[in-house]
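The values are calculated or read from the model by the stated rules, or taken from the named source; none is laboratory data. Computed from a prediction, not measured in an experiment: that's the story for all the values here. All Cβ positions, even for glycine, are placed from backbone atoms using ideal geometry, and neighbour counts span all protein chains on display. To get the accessible areas, we keep the full protein, side chains included, count just its heavy atoms, and leave off ligands, DNA and RNA. Shrake-Rupley method; radii C 1.70, N 1.55, O 1.52, S 1.80 Å.
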Amino acid sequence: MKNLRLKAARAAKDLSQEQLAALCGVSRQTISAIEKGDYNPTINLCLAICRALDKTLDELFWEP
């Protein structure tokens, strides 16, 4: 399932996939795969993404 909330939060911070990836210590391809729903990130990566985007785990990764 695509993670449109992650993509929207990244865009709201005016960050490219490359910039978010650099903040989280991963590749741009990893961020792209998460947004497309092709990769299930580890909890540590989820937390790093949340810190970079000032969001909670629930806001970005919890299924409604």
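Below, the figures for the structure above:
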item	result
Efficiency of FRET between W62 and L23 - r from beta-carbon atoms, R0 22 angstrom, step 0.05	0.55
Accessible surface of the chain, 1.4 Å probe, proportion on carbon and sulfur as whole %	53
Karplus-derived HN-Hα couplings along the stretch 54-64 (A = 6.51, B = -1.76, C = 1.60, θ = phi - 60°), whole Hz, x at Gly and Pro	6, 10, 9, 4, 4, 5, 9, 10, 7, 6, x
Contour minus Cα-Cα distance for M1 and L47 (0.36 nm per residue)	14.6 nm
Cα gyration tensor, the chain - rounded (a/c under 1.5), prolate or oblate	rounded
Accessible area in square angstrom per residue, the chain, 1.4 angstrom probe	66
